[in-house]
Every structure is written in structure tokens, then in C-alpha cells.
Amino acid sequence: MSAKQSTKPLITIVGAGNLASALAAALRGAGYRIDQIVSRESAVSLRRSRRLAGEVGAAAVVAARARIRAEIVWFCVPDGAIAHAAASLTGVADWQGKIALHSSGALTSDELAALRKRGAAVASVHPLMTFVRGSRPSLVGVSFAIEGDPKAVRTARAIVLRLGGQPFAIGKRQKEAYHAWGMFASPLLTALLAAGERVAGAAGINRKSAREKMLPILGQTLSNYARLGAAASFSGPIARGDAATVGKHLKVLLEVPELREIYVALARAAVGDLPAKNRSALRRLLSRAE
């Protein structure tokens, strides 16, 4: 073990999905030693945990036979499984003085209450990032929302900083709104892009071609947003106050009413939140389209 690793606490990760894989690799790269990858006994879970354990130099164990010695245990399991996973591990370690973390965006540190009762300090530590199969994003520069017991929060902040992330505090009452914000930033944005592909179909352009053709304008839009902010990045007929063109869009989208609803909702949001000329006419037009 290197001196760099020996100064850092030992970590066990519960779960071996997309987030766990990215986190384990990042922790290993930052000099942390991953002791165990704990999984369920299903064949799929075991296969994933063994693959991840081999990658980061850890042992793969099933929850029923785990014996946890790590100072930090990080739960990377689906939201609905966190409390159960924590409760199932209450007897596999002396939790007094340990740190237990989970990475749910919507749920608070109270999901780990069973371990808090055994003496662990607990916190929720959620990276504002998307994790999908086939892609392992870097955590450098990623914001992490943290809340929980003071000792666990301090430990989590230190880890996030060593990963190159940006920790920030979030209140328990704000977790659900925070997670809804995250939905807008990635999953619902992806849904919007998929809807755009369907609209392209009405113009005779297939999905694959539509995705390729959209990439330059998407890239420039995100670049503008990052540099200038939303208001200065807004363009198109609503920004110009061109109600006639918006009306034509609404007419052609009558053939795909569910996509028309998305258009109307986003157009109303744009008229309300972004610079737009001819607001009264646009609002009347969109009101009639509902």
C-alpha cells in the first residue's frame, strides 16, 4: 500500500451499478483503497460486483456473508433499497464511529437511520451527474449535494474535494426540489431530445439522422448557455415575437398531439421566463392551443 493510500480511510461500497462503478473508479484513482464491493446474491449482481471488485482491487462479497471493517460504507443502490440494505447490514460490523453514506438525490440521510442507531454518522452525498451503462463520466468538477450528521458531512466533503468535485450543502427539506432540478438537467432534457427526433420524423428525417443533424445546434446552445446564461442564449420565433410562425408550428403539430402539448408547455415557460417580444399575442395564441 502506498503512503498516499495509507493516510486515507478504507471504503466499502454497497452496490455495483453504474454510479457505484464510476464512484469506485474515481475513489481508486484518488488514492483510496476499496475494501469490498457488497452485492445481493442474484447472478447479475454477483457478476457486476466481481467485475467491479477486480477492477478496483477489492473483494466481492454478498450482503448475507459480509464482514465490514472499512471506516466508510457507501451505499450506491436504488432509492427504494437503501433503508433495507442498511438494515440488513446492521449486524455485520461494529458501527460505532463508522461513516455511512448514500447517494440518493431525492432521499435524505434518514434512510440510514438503522445504522445511525448503531453509532454510525450518516449523510447523503449525491453527485449531480448522469450515470448510464456504456458511459463512465469523470467526477472532476461535478457538484455533490451533501446533508447529514456533522461528522459524516465533514468526511464526505473531504472525499468529494479529493475527487476534484464541488461539495455544497443541501437541507433535508430541499432534497426533493433539488432532485427535480436534476431531472430537468438530464433525464427530461433527454426526453425532450427524443421528442425532437419524433418531430423530425414529421419532416421526413429519421431518428439517427435527426440526432446527427441536431448535434451542432445542441453543442452551440450549451456553449452559449455556459458562457452567456439562459436569457442571452435564447433565440428563435418566440424571442422575436413571431406569433405567426409559432401558430404554424402548432398547426403542424396537431398530427402529434402529445408533442404539441410539450411544445405549448415549453413555449409558455419561455414567454414567462425568457426575453420575448410580442408577449401578449404569444400568450393568447398559446392559451387557445391548450
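The values are calculated or read from the model by the stated rules, or taken from the named source; none is laboratory data. Since the structure is predicted, the reported quantities are computational estimates derived from the model, not experimental observations. Quick reminder, even Gly has a Cβ in these numbers, built from the backbone with ideal geometry, and neighbours come from all protein chains shown.
Taking only region 30-59 into account, find how many residues are outside any loop (DSSP other than H, G, I, E, B) and either of a type in the set (Lys, Arg) or in contact (Cβ under 8 Å) with a residue 40 or more places away in the chain (or both).
5
So which residues in region 14-29 are assigned to a helix (DSSP H, G or I) and of a type in the set (A, V, I, L, M), if there are any at all?
Leu19, Ala20, Ala22, Leu23, Ala24, Ala25, Ala26, Leu27
So, in region 161-183, exactly how many residues are touching an Asp or Glu at 6+ places or on another chain (Cβ under 8 Å) and surrounded by 13 or more Cβ atoms within 10 Å (Cβ to Cβ)?
Matching residues across region 161-183 total 3.
Considering region 47-87 alone, what residues qualify as being within 10 Å of Gln36 (Cβ to Cβ) and surrounded by fewer than 19 Cβ atoms within 10 Å (Cβ to Cβ)?
Ala59, Arg67, Arg69
On the basis of being surrounded by fewer than 17 Cβ atoms within 10 Å (Cβ to Cβ), on the phi < 0 side of the Ramachandran plot and within 23 Å of the chain's Cα centre (by Cα), does Asp94 make the cut?
No; evaluated as a whole, the condition is false for this residue.
Would you check which residues across region 213-230 are in a helix (DSSP H, G or I) and either among the basic types (Lys, Arg) or surrounded by fewer than 11 Cβ atoms within 10 Å (Cβ to Cβ) (or both) and list them?
Hits for region 213-230 are Lys213, Leu215, Pro216, Ile217, Gly219, Ala226, Arg227.
Counting just the residues of region 24-46 that are within 23 Å of Gly134 (Cβ to Cβ) and modelled with pLDDT under 95, which one comes out surrounded by the most Cβ atoms within 10 Å (Cβ to Cβ)?
Once the filter is applied, the top-ranked residue is Ser39.
Here is a check on your reading of the model: is Val62 modelled with pLDDT under 95 and among the aliphatic types (A, V, I, L, M)?
yes
Within region 138-160, can one find any residue that is under 18 Å from the mean Cα position of the chain (by Cα) and loosely packed, with under 13 Cβ neighbours inside 10 Å?
Taking every residue of region 138-160 in turn, at least one turns out to be under 18 Å from the mean Cα position of the chain (by Cα) and loosely packed, with under 13 Cβ neighbours inside 10 Å.
Are there any pairs with C-beta distances below 8 angstrom linking a residue in region 194-216 that is in contact (Cβ under 8 Å) with a residue 12 or more places away in the chain to a residue that is outside any helix (DSSP H, G or I), with the two at least 6 apart or on different chains, and if so which?
Going by the 8 Å Cβ cut-off, the qualifying pairs are Arg198/Val256; Val199/Val256; Ala200/Asn206; Ala202/Val256; Lys213/Ile205.
Run Gly247 past the list (1) closer than 30 Å to Thr130 by Cβ; (2) surrounded by 14 or more Cβ atoms within 10 Å (Cβ to Cβ) and report the number of the one that doesn't hold.
Failing condition for Gly247: (1).
Out of Leu215, Leu259, Leu189, Leu222, which single residue is among the hydrophobic types (A, V, I, L, M, F, W, C) and more than 25 Å from the chain's Cα centre (by Cα)?
Leu259
From the list Ser104, Ser88, pick out the single residue that is in the same structural domain as Ala24 (by TED's automatic domain parsing), over 22 Å from Thr155 (Cβ atoms) and of a type in the set (S, T, N, Q).
Only one candidate passes the filter, namely Ser88.
Kindly list the number of the only condition in (1) under 24 Å from Ala25 (Cα atoms); (2) without any contact (Cβ under 8 Å) to a residue 24 or more places away in the chain; (3) surrounded by 13 or more Cβ atoms within 10 Å (Cβ to Cβ); (4) not charged (D, E, K, R) that fails for Ser186.
(2)
Within region 9-23, take every residue that is in contact with a helix residue (DSSP H, G or I) (Cβ under 8 Å, 6 or more places away or on another chain) and more than 21 Å from Val92 (Cα to Cα) and give me the one that is surrounded by the fewest Cβ atoms within 10 Å (Cβ to Cβ).
Gly17
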